[in-house]
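Only one structure is covered here, and it is reproduced in the block below.
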Amino acid sequence: MTRKPQFSSNLDTHTIRIQAEKSGCLLGFLLFWLSGWLVGGFFAIRALVLGLTIGPPSMGSPTIFLLKWLAMWLIGLLVFGYLFFWQLVGQEVVTLAGGVLRIRQKVGPLGTTQNYDVHKIRYLRTQPDEWPTSLAKNQRSEWGSGSVLFDYGAETIRFGKMLREAEAARIVGFLQQHHVSVHWAFEP
């Protein structure tokens, strides 16, 4: 599915909204998986509350086993639940205002925000953000983390997950066009 970033400007505030990439297959799988996961969790919690014995006696205390299992179940629920909702309603909101570039990744009302002083931004650029095709690319920590990049001190900051190169180039052009006062900060 092609995602087109949405651009808007109000006086000195410039905003880019990038919807999360949606995959019907992944959404369908996650919905199916989470449904089964919730049913399993329901029965585990029910067994714990009712004091039902699960498993052979050689496993030790059923209560301790169930508590450990439920802890892992909760982690799985949070991780895959977040991925499911990111697919449904997730977005990146990039705002340029008052000398600050703000990148917010959010799922509904929840999210994280990073702020960057535009005077410290160097070498704004695009880089294709592709699925890995070899083991070496699989080992890259920044894989799938963004098609728009800039250097900030000793770090490389990425946003615009899995955008096509043309969309990423439009974002770079928009940021360069609307940041006249310190335009040099966006050049290599």
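The values are calculated or read from the model by the stated rules, or taken from the named source; none is laboratory data. In this text the structure is predicted, and so the values were computed from the model without any measurement. Virtual Cβ from ideal backbone geometry, glycine too; neighbours counted across all protein chains shown.
What's the total number of residues in region 89-102 that are under 16 Å from the mean Cα position of the chain (by Cα) and either surrounded by 15 or more Cβ atoms within 10 Å (Cβ to Cβ) or modelled with pLDDT under 90 (or both)?
Start the filter on region 89-102 by keeping residues that are under 16 Å from the mean Cα position of the chain (by Cα), which leaves 89-94, 102.
The next check asks that each one be either surrounded by 15 or more Cβ atoms within 10 Å (Cβ to Cβ) or modelled with pLDDT under 90 (or both); those that pass are 90-94, 102.
So the answer is 6.
How many residues, within region 38-54, are out of contact with any helix residue (DSSP H, G or I) (no Cβ under 6 Å at 6 or more places or on another chain) and assigned to a helix (DSSP H, G or I)? So that I can check it myself, show each step before the final result.
Filtering region 38-54 down to residues out of contact with any helix residue (DSSP H, G or I) (no Cβ under 6 Å at 6 or more places or on another chain) leaves 38-40, 42-43, 45-47, 49-52.
Checking which are assigned to a helix (DSSP H, G or I) leaves us with 38-40, 42-43, 45-47, 49-50.
Selection size over region 38-54: 10.
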Selection over region 78-104 where residues are in contact with a helix residue (DSSP H, G or I) (Cβ under 9 Å, 6 or more places away or on another chain) and assigned to a helix (DSSP H, G or I) yields a count of 6
List the number of the failed condition for residue 129; all other conditions in (1) modelled with pLDDT under 85; (2) more than 30 Å from residue 81 (Cβ to Cβ); (3) among the acidic types (Asp, Glu) hold. (2)
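Given the criteria touching a residue at least 60 places away in the same chain (Cβ under 8 Å) and among the aromatic types (Phe, Trp, Tyr), does residue 73 qualify? Don't jump to the end; show me each part of the working.
Details: touching a residue at least 60 places away in the same chain (Cβ under 8 Å): no; among the aromatic types (Phe, Trp, Tyr): yes.
In short, no.
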Tally the residues that are aliphatic (A, V, I, L, M), modelled with pLDDT under 80 and either surrounded by 12 or more Cβ atoms within 10 Å (Cβ to Cβ) or under 18 Å from residue 37 (Cβ atoms) (or both), restricting the search to region 50-73. 2
Given the conditions (1) at pLDDT below 85; (2) surrounded by fewer than 18 Cβ atoms within 10 Å (Cβ to Cβ), report the number of the one that residue 146 does not fulfil. (2)
Keeping to region 1-55, report how many residues are more than 28 Å from the chain's Cα centre (by Cα) and basic (Lys, Arg). 1
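Which one of 85, 65, 43 is without any contact (Cβ under 8 Å) to a residue 12 or more places away in the chain and touching a Gly at 6+ places or on another chain (Cβ under 8 Å)? Spell out how you get there, then give the answer.
Details: 85 fails: without any contact (Cβ under 8 Å) to a residue 12 or more places away in the chain; 43 fails: touching a Gly at 6+ places or on another chain (Cβ under 8 Å).
Only one candidate passes the filter, namely 65.
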Test residue 75 against the stated conditions and say whether it is farther than 30 Å from residue 122 by Cα, part of a helix (DSSP H, G or I), β-branched (Val, Ile, Thr) and over 20 Å from the mean Cα position of the chain (by Cα). no
Restricting region 15-30 to residues that are at pLDDT 90 or above and in contact with a helix residue (DSSP H, G or I) (Cβ under 7 Å, 6 or more places away or on another chain), the residue that is surrounded by the most Cβ atoms within 10 Å (Cβ to Cβ): 16
